[in-house]
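My questions will all concern the structure given below.
The values are calculated or read from the model by the stated rules, or taken from the named source; none is laboratory data. Small disclaimer: the values here were computed from a predicted structure and weren't measured. We place every Cβ from the backbone using ideal geometry, glycine too, and count neighbours over all the protein chains shown. Quick note on the areas: whole protein, heavy atoms, side chains included, nothing else; ligands and nucleic acids left out. Shrake-Rupley method; radii C 1.70, N 1.55, O 1.52, S 1.80 Å.
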Amino acid sequence: MDAIILQILNGLDKGSAYALIALGLTLIFGTLGVVNFAHGALFMIGAFCAVTLSKILNLSFETVDETKLDFLGNPAKIKTPYVESWFGPEVGATIIDWAVPLAILFSIPIMIAIGFIMERGLIKHFYKRPHADQILVTFGLAIVLQEIIKYFYGANPIPTGAPEVFKGSYDFGVLLGFDPNAIIYPYWRLVYFGFSALIIGGVFAFLQFTTFGMVVRAGMADRETVGLLGINIDKRFTIMFGIAAAVAGLAGVMYAPINSPNYHMGMDFLVLSFVVVVVGGMGSLPGAVLAGFLLGILESFASMNEVKSLIPGIDQIIIYLVAIIILLTRPRGLMGRKGVMED
Amino acid sequence: MLNLQKHDKTLMIIVAVLVLFAPFILNPFPTGSAMAQFNAGYPDLMQRFVIFGIFAVGFNILFGLTGYLSFGHAAFLGVGSYSAVWMFKLLSMNVIPAILLSVVISGLFALLIGFVSLRRSGIYFSILTLAFAQMSFNLAYSVLTPITNGETGLQLTLDDPRILGVSATADGGIPVTSLFGLEMRSTYEMIVGPWTFQFNAGYYLCGIILLAAFYLSLRIFRSPFGMMLRAVKSNQTRLNYTGLNPKPYTLAAFVISGMYAGLAGGLMASMDPLAGAERMQWTASGEVVLMTILGGAGTLIGPVLGAGFIKYFENIFSKINDSILHSWFSFLPDGIEDAVVFLIHPFIGKGWHLTLGILFMLVVIFLPGGLVEGGQRIKKWVSGGKNKADDKAPKTEPAE
């Protein structure tokens with residue numbers, strides 16, 4: 001029992017990342033009808049926003065401390081981050097420690113701007129072209145973005161820590177009445193899950209309860225009619241693209257402490273996220289979220305030793321296997337709408 | 001001869017000349033000169049040109065004709081490589097059985113995957129093929145280690161049985177791949193003045209197979225079967241209403257292109273008896289898509305050009321470094337020279353993928369027909385605006 005709960009918990013954080021990326025992909029697909037292969041790159045850029053901010057906060061100046069000597073006998077040089085000298089050592093250290101959560105604020109404007117530029121500059125010209133062309137051009141864009149990041153940050157993963165408060169793990173076992181240490185779960189993953197639940201809830205509330213969201217939903221259902229009613233639907237869809245980019249970016253920012261960001265993390269997630277979107281059903285937002293968590297949890301169940309000894313190798317292929325089965329038996333995915341991408 | 005139309009005959013001859021005289025064409029600069037680093041006429045690279053050419057030609061039969069975009073074609077390449085290496089391990093070092101087996105096995109593999117994947121079309125098809133390829137990749141890395149040797153990759157060893165050959169050569173080494181005794185790695189060097197031209201047995205084997213593969217694809221393009229495949233691309237619904245079932249035709253195209261990929265994989269292993277799982281990864285599938293699109297999907301010669309183009313620049317661009325750039329731009333004033341080198345620096349050496357990505361995007365945006373369409377446009381532009389009326393005629397797809 002405790003093993004099962006542990007696997008469900010383990011699946012949640014990966015599932016949250018899948019769900020967030022898939023949500024963004026579906027938003028773009030549902031509104032603009034564009035298959036965006038560069039979405040994984042947006043996720044990666046988000047993670048690198050966190051890296052950048054922590055680098056900026058760690059910018060330091062050097063002072064020479066005459067009282068101490070380094071191992072060569074010269075006066076020791078001490079690095080002091082600017083933040084610490086401005087806000088005092090304690091506040092400064094806390095700010096640096098909280099770099100990743102702070103990067104959320106830092107990344108939102110950046111991601112929205114990137115989203116706008118992408119949509120207006122490139123994707124706008126591809127609405128009328130076939131889906132294959134959209135896939136290809138965004139695939140090229142993904143390569144370009146990834147290489148730019150590689151150029152500036154190098155090819156090695158850059159460890160980016162969570163704030164000190166969230167390091168360590170929470171003993172779930174005690175809470176549920178199992179032995180201590182039976183179910184241990186890192187705090188940051190809990191935070192990640194809560195955060196993604198918040199974002200997903202926010203996006204749904206935005207679409208469901210605001211006038212803007214209502215118009216966007218109407219546009220998703222019937223773009224022409226909304227346009228005929230005198231609403232500038234293109235502008236709203238552009239904004240939605242920005243929001244989708246921001247969702248992917250935020251997923252990346254918060255994912256940085258879980259896995260050290262490297263330049264190809266986007267591609268790794270993209271392939272899986274596409275599978276998630278297709279399983280959930282093209283163009284269905286709840287489907288994307290559901291499928292994201294479902295596949296995340298399935299994946300972690302498949303990596304249990306008991307399952308692996310029963311069917312060797314299942315943990316490597318479970319997601320693809322499920323995707324194939326669902327695509328063949330339910331062509332629209334779990335919750336796909338009728339008439340979306342059916343040909 | 002060959003039962004071809006005049007136009008195709010020219011095309012065939014062009015390709016044949018390109019392939020057979022590649023050691024000369026790719027070696028225009030004398031050895032030892034400053035430009036010698038742009039020579040591509042060494043066996044290893046030339047082999048890769050033709051092998052990827054075969055791969056892309058095969059991919060084009062599927063994507064160019066039927067419009068089904070497979071993102072998992074590298075799986076067949078990998079399967080082909082593995083089967084060829086197994087043949088070397090078990091039977092003999094002759095390349096013929098190895099290549100035959102790799103084609104057969106990857107064909108069967110393609111039949112299986114195609115049968116399932118072709119039940120969907122559009123993006124679903126892409127995702128299905130991607131899923132299958134990733135599955136094969138992951139399995140090759142983990143559970144199938146007894147067959148694939150996992151991360152190390154499948155290699156020849158001294159205690160392989162090799163029923164029809166020898167386990168080890170007289171001097172205790174691992175035997176090399178050969179075609180009835182003609183070693184694949186044997187190279188004849190011809191020295192003409194300052195030039196050195198290398199003629200490699202393996203390259204010519206690959207080259208002749210490329211010619212055969214190209215001829216076959218040409219015949220497919222011109223056949224009623226190719227016509228059916230084009231019909232699948234332009235309007236499948238109408239095809240259905242005409243009372244024709246497109247499924248067997250697309251499946252046949254899928255299997256044929258899978259066999260081409262297997263052939264390429266088998267050749268790759270014949271040139272260098274190694275097979276690793278990374279050949280099946282989806283980035284490898286992406287590469288053949290890049291080649292085909294860059295050269296011109298749906299055209300005959302496009303994929304060959306695209307494969308050559310990408311492989312050439314991959315090798316050459318990644319060799320250029322800052323000091324070479326400095327020597328090129330040394331005629332500029334110092335400040336400007338540094339600035340120019342600084343600007344170009346991200347695009348060369350390790351940054352080659354950035355250049356490739358940008359180039360690819362530009363091609364998709366402005367030249368959907370690839371390099372072939374670019375060539376046609378230049379030709380039209382050079383020949384002048386005489387045929388203005390013709391220009392306005394709607395062009396659905398570029399001719400070859």
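Taking interchain pairs and intrachain pairs at least six residues apart, which have beta carbon atoms under 8 angstrom, with the first residue in the stretch B:99-127 and at positive phi and the second open to solvent by less than 10 Å² (accessible area, probe 1.4 Å)?
Pairs that qualify, where the first residue is at positive phi and the partner is open to solvent by less than 10 Å² (accessible area, probe 1.4 Å): there are none.
This table checks each residue for (1) farther than 26 Å from A:Ile325 by Cβ; (2) touching a helix residue (DSSP H, G or I) at 6+ places or on another chain (Cβ under 6 Å); (3) away from chain A (no Cβ under 11 Å).
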residue: B:Pro97; (1), (2), (3): yes, yes, yes
residue: B:Ile127; (1), (2), (3): no, yes, no
residue: B:Asp171; (1), (2), (3): yes, no, yes
residue: B:Val176; (1), (2), (3): yes, no, yes
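Quick check: anything in the stretch B:69-84 more than 14 Å from chain A (Cβ to nearest Cβ), in contact with a Pro (Cβ under 9 Å, 6 or more places away or on another chain) and touching a residue at least 60 places away in the same chain (Cβ under 8 Å)? Walk me through how you get there before you give the answer.
Looking only at the stretch B:69-84, we keep the residues that are more than 14 Å from chain A (Cβ to nearest Cβ), and these are B:73, B:76-84.
Of the ones still in play, those that are also in contact with a Pro (Cβ under 9 Å, 6 or more places away or on another chain) are B:84.
Filter once more, so that each one left must be touching a residue at least 60 places away in the same chain (Cβ under 8 Å): B:84.
Yes, that holds for at least one residue.
Yes or no, residue by residue, for (1) hydroxyl-bearing (Ser, Thr, Tyr); (2) open to solvent by 10 Å² or more (accessible area, probe 1.4 Å); (3) touching a helix residue (DSSP H, G or I) at 6+ places or on another chain (Cβ under 9 Å):
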{"residue": "A:Gly24", "(1), (2), (3)": "no, no, yes"}
{"residue": "A:Val51", "(1), (2), (3)": "no, no, yes"}
{"residue": "A:Tyr82", "(1), (2), (3)": "yes, yes, yes"}
{"residue": "A:Gly88", "(1), (2), (3)": "no, yes, no"}
{"residue": "A:Gly92", "(1), (2), (3)": "no, no, yes"}
{"residue": "A:Asp97", "(1), (2), (3)": "no, yes, yes"}
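Could you go through the stretch A:111-119 and let me know if any residue there is assigned to a helix (DSSP H, G or I), buried (at least 18 other Cβ atoms within 10 Å of the Cβ), more than 12 Å from chain B (Cβ to nearest Cβ) and of a type in the set (Asp, Glu).
yes
Right, another one. Could you check the stretch B:330-376 and list, in sequence order, the residues that are facing another protein chain (nearest Cβ under 8 Å) and either open to solvent by less than 50 Å² (accessible area, probe 1.4 Å) or of a type in the set (S, T, N, Q) (or both)?
Correct list: B:Pro346, B:Gly351, B:Leu354, B:Leu356, B:Gly357, B:Phe360, B:Met361, B:Val364, B:Ile365.
What's the total number of residues in the stretch A:89-122 that are without any contact (Cβ under 8 Å) to a residue 12 or more places away in the chain and within 27 Å of A:Trp188 (Cα to Cα)?
Qualifying residue count, the stretch A:89-122: 8.
Taking the stretch B:272-287 as the search range and keeping residues that are buried (at least 22 other Cβ atoms within 10 Å of the Cβ) and within 18 Å of B:Asn94 (Cβ to Cβ), which one is farthest from the other protein chains (Cβ to nearest Cβ)?
Top of the filtered list is B:Pro273.
Restricting attention to helices (runs of 4 or more DSSP H) lying wholly within the stretch A:131-246, give those where 1 or more residues are within 14 Å of chain B (Cβ to nearest Cβ) and under 19 Å from the mean Cα position of the chain (by Cα). Reasoning before the result, please.
Details: elements: A:131-153, A:172-176, A:187-209, A:211-221, A:223-228.
The qualifying helices (runs of 4 or more DSSP H) are A:131-153.
Find the residue count for the stretch A:307-341, including only residues that are more than 9 Å from chain B (Cβ to nearest Cβ), surrounded by fewer than 16 Cβ atoms within 10 Å (Cβ to Cβ) and not hydrophobic (A, V, I, L, M, F, W, C).
Residues flagged as more than 9 Å from chain B (Cβ to nearest Cβ), surrounded by fewer than 16 Cβ atoms within 10 Å (Cβ to Cβ) and not hydrophobic (A, V, I, L, M, F, W, C) within the stretch A:307-341 amount to 5.
Can you confirm whether the stretch A:59-71 contains a residue that is open to solvent by less than 70 Å² (accessible area, probe 1.4 Å), closer than 26 Å to A:Gly333 by Cα and either at pLDDT 80 or above or within 17 Å of the chain's Cα centre (by Cα) (or both)? Give the derivation first.
To start, the set of residues in the stretch A:59-71 that are open to solvent by less than 70 Å² (accessible area, probe 1.4 Å) comprises A:60-61, A:63, A:65, A:70.
Those left that are additionally closer than 26 Å to A:Gly333 by Cα: none.
No, the stretch A:59-71 contains no residue that is open to solvent by less than 70 Å² (accessible area, probe 1.4 Å), closer than 26 Å to A:Gly333 by Cα and either at pLDDT 80 or above or within 17 Å of the chain's Cα centre (by Cα) (or both).
Which numbered condition in (1) more than 14 Å from chain A (Cβ to nearest Cβ); (2) buried (at least 17 other Cβ atoms within 10 Å of the Cβ) is the only one that B:Leu290 fails?
Answer for B:Leu290: the failing condition is (1).
Still on this structure: Looking at the stretch A:261-306 only, could you name the residues that are of a type in the set (A, V, I, L, M), away from chain B (no Cβ under 13 Å) and either under 30 Å from A:Tyr151 (Cβ atoms) or over 18 Å from the mean Cα position of the chain (by Cα) (or both)? Don't jump to the end; show me each part of the working.
From the stretch A:261-306, those of a type in the set (A, V, I, L, M) are A:265, A:267, A:270-272, A:275-279, A:282, A:285, A:288-291, A:294-295, A:297-298, A:302, A:304; that's our starting set.
Keeping just the survivors that are away from chain B (no Cβ under 13 Å) gives A:265, A:285, A:288-290, A:294, A:297-298, A:304.
Result: A:Met265, A:Leu298, A:Met304.
Can you name the residue in the stretch B:293-317 that is under 12 Å from the mean Cα position of the chain (by Cα) and small (Gly, Ala, Ser) and is also farthest from the other protein chains (Cβ to nearest Cβ) among such residues?
Among those that are under 12 Å from the mean Cα position of the chain (by Cα) and small (Gly, Ala, Ser), it is B:Gly308.
Looking only at the stretch B:11-33, filter to residues that are in contact with a strand residue (DSSP E or B) (Cβ under 8 Å, 6 or more places away or on another chain) and part of a helix (DSSP H, G or I); which one of those is nearest to B:Ile209 (Cα to Cα)?
If we take residues in the stretch B:11-33 being in contact with a strand residue (DSSP E or B) (Cβ under 8 Å, 6 or more places away or on another chain) and part of a helix (DSSP H, G or I), then B:Pro23 is nearest to B:Ile209 (Cα to Cα).
If the Cβ limit is 8 Å and pairs must be 6+ apart or interchain, which residue in the stretch B:158-175 that is in contact (Cβ under 8 Å) with a residue 40 or more places away in the chain pairs with which residue that is among the β-branched types (Val, Ile, Thr) and part of a loop (DSSP other than H, G, I, E, B)?
Hits for this filter: B:Pro175/B:Val166; B:Pro175/B:Thr169.
So, B:Tyr141, is that one away from chain A (no Cβ under 14 Å) and either open to solvent by less than 50 Å² (accessible area, probe 1.4 Å) or in contact with a helix residue (DSSP H, G or I) (Cβ under 9 Å, 6 or more places away or on another chain) (or both) or not?
On the way: away from chain A (no Cβ under 14 Å): no; either open to solvent by less than 50 Å² (accessible area, probe 1.4 Å) or in contact with a helix residue (DSSP H, G or I) (Cβ under 9 Å, 6 or more places away or on another chain) (or both): yes.
For B:Tyr141, the condition - away from chain A (no Cβ under 14 Å) and either open to solvent by less than 50 Å² (accessible area, probe 1.4 Å) or in contact with a helix residue (DSSP H, G or I) (Cβ under 9 Å, 6 or more places away or on another chain) (or both) - is not met.
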